1. Between PRO164, PRO29, ILE403, whose Cα lies farthest towards the positive end of the dipole of the chain when Lys and Arg beta carbons carry +1 and Asp and Glu beta carbons carry -1, centred on the Cα centre?
2. Residue by residue through the range 126-134, which ³J(HN,Hα) values in whole Hz follow from phi under the Karplus form 6.51 cos²θ - 1.76 cosθ + 1.60 (θ = phi - 60°), with glycine and proline marked x?
3. Over the chain, with a Gaussian network built from C-alpha contacts below 10 Å, which listed residue (LEU120, LEU86, LEU245) shows the highest mean-square fluctuation?
4. Neighbour counts of other C-beta atoms within 10 Å: give me TRP294, TRP235 arranged from fewest to most.
5. Any chance you could run the full-extension gain for LEU401 through ARG93? It's 0.36 nm times the residue separation minus the Cα-Cα distance, nm to one decimal.
6. Taking other Cβ within 10 Å of each residue's Cβ, how do VAL48, VAL121 sort, fewest first?
7. Assuming R0 = 35 Å, can you tell me the calculated FRET efficiency for the pair MET268 and LEU228, based on Cβ-Cβ distance, to the nearest 0.05?
8. To the nearest 500 deg cm²/dmol, what mean residue ellipticity at 222 nm is calculated for the chain from DSSP H runs of n ≥ 4 alone, each contributing -39,500 (n - 2.57), summed and divided by the residues?
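Quick note: the coordinates plus some simple rules give every number you see, no bench work behind them. Here the structure is a predicted model, which means the values were calculated and not measured. All Cβ positions, glycine included, derive from the backbone under ideal geometry; neighbour counts span all protein chains shown.
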Amino acid sequence: MTTTDTAVGARRTGTEGSPPAAGDRRLMPMLTLGNAALYLVYLGVGGVLLPAQIELLDPDGKVGSLGLVSGIAAVFATLLNPLAGLLSDRSRRRNPWTLAGGLAAFGTLALLGQVRTILLVTVVWCLVQVAMNVYQAALTAIVPDRVPAGRRGLASAMVGIGTPIGSVIGVMLATRYVPDSLGTGYLVTGAVMAVIAVLFTALVREEKLPPVEAVPLRRQLAAFAETLKVADFRWAFIGRFLMMLGFFAVSLFQFYILQDHIELPDGMDAAGAQAVLAPVDAVSTLAATALGGWLSDRIGRRKPFVAVSCVLAAITMAVPVVMPDWTGILLYTVLAGIAFGCFMAVDTALVTLVLPSASDNARDLGVLNIANAGPQILAPFVASLVVGLAGYDALYLVGALIILLGALAVAPIKTVR
């Protein structure tokens, strides 16, 4: 793996590779749509359909079962994402992997809606993670492949905009099928995922990346560990990992928090509350994503935006503790959306500027995506333990502490301001 100053410097100035063709106006909006598909599944299925299915199968042990299913599946996500990125790099293509992942997600989600035991839910949800991480690994490599450094704040914002769009559509779509038509909900969600994958690969044409020197697979696997020896990349990894750990520790259990902890208005259940909260979150996240990405490009600074976003996210965790009612959860949703939207827009831009190797974008981003998937392994177990010992208030406070540590992690990064 090449980790020379030349490669890092080229990535920072935008001189590595070829910039996007002037006529390729479809890339930016399709980055939004492609990322929206990810969160359509992750939030619609992982946040609504899966908890509802587990509650039907194991009503008394739902918290522990959801933690177990989510944790085991996240192991697959953690292992598969960098491996899928490595294979994408070796093939020098992205679109075939994007298409294959999207179509495979449709099949596995359709199957998930038909299983009737916790064991089979676990197995099939792992298969969904395999499909989604093949898709994600190829998608995330497109920005450093094709977008110059000076426009990566915009590109990252376009990617980030897809998060609230996909989240709100996924949640609102899923809540229509809870609790009586979960199988149909899985089928419809998978179909939307597949259609987006087809559209992306049809509209975003790609040329095969320039060949690179063939490296044995064993050496490439060993290079994963080498990637984290680059100090700035390592600190970016740690910051992303801690932010996601604090975020997922709470968000993975939102369905049950709304059921068991928050005082909802009369006549509103957890699914109905999520249907209201999703667009509120989307609007605040969308505004913060667009503004954060634009401002970071305009000012030429990344680290302050990332640090402030983490601090705001941590402070926001205290709101449901002080106000465990509908007003409190609405306020929490708005502030958390602002913090998370700004973080994802700017942190994604920051990360593309500290990738260690100019020729292995997907692999290096796959390593970084361990910081997205790894917390999903730990978060369910951490959250189940905290809730079991001290309740949901303690879960929010533990999440806040973890996120604050993430804010501190960006300080040692030297090559990006």
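1. Result: PRO29.
2. After applying 6.51 cos²θ - 1.76 cosθ + 1.60, I find 5, 5, 4, 4, 4, 4, 5, 7, 4 Hz.
3. Ranking LEU120, LEU86, LEU245 by mean-square fluctuation puts LEU120 first.
4. Going from least to most buried by this count: TRP294, TRP235.
5. Numbers: separation 308, 0.36 × 308 = 110.88 nm, distance 4.05 nm.
The LEU401-ARG93 span can extend by a further 106.8 nm.
6. Lowest count first: VAL121, VAL48.
7. 0.15
8. Values: 19 runs with 318 residues, N = 417.
Helices in the chain give a 222 nm mean residue ellipticity of -25500 deg cm²/dmol.
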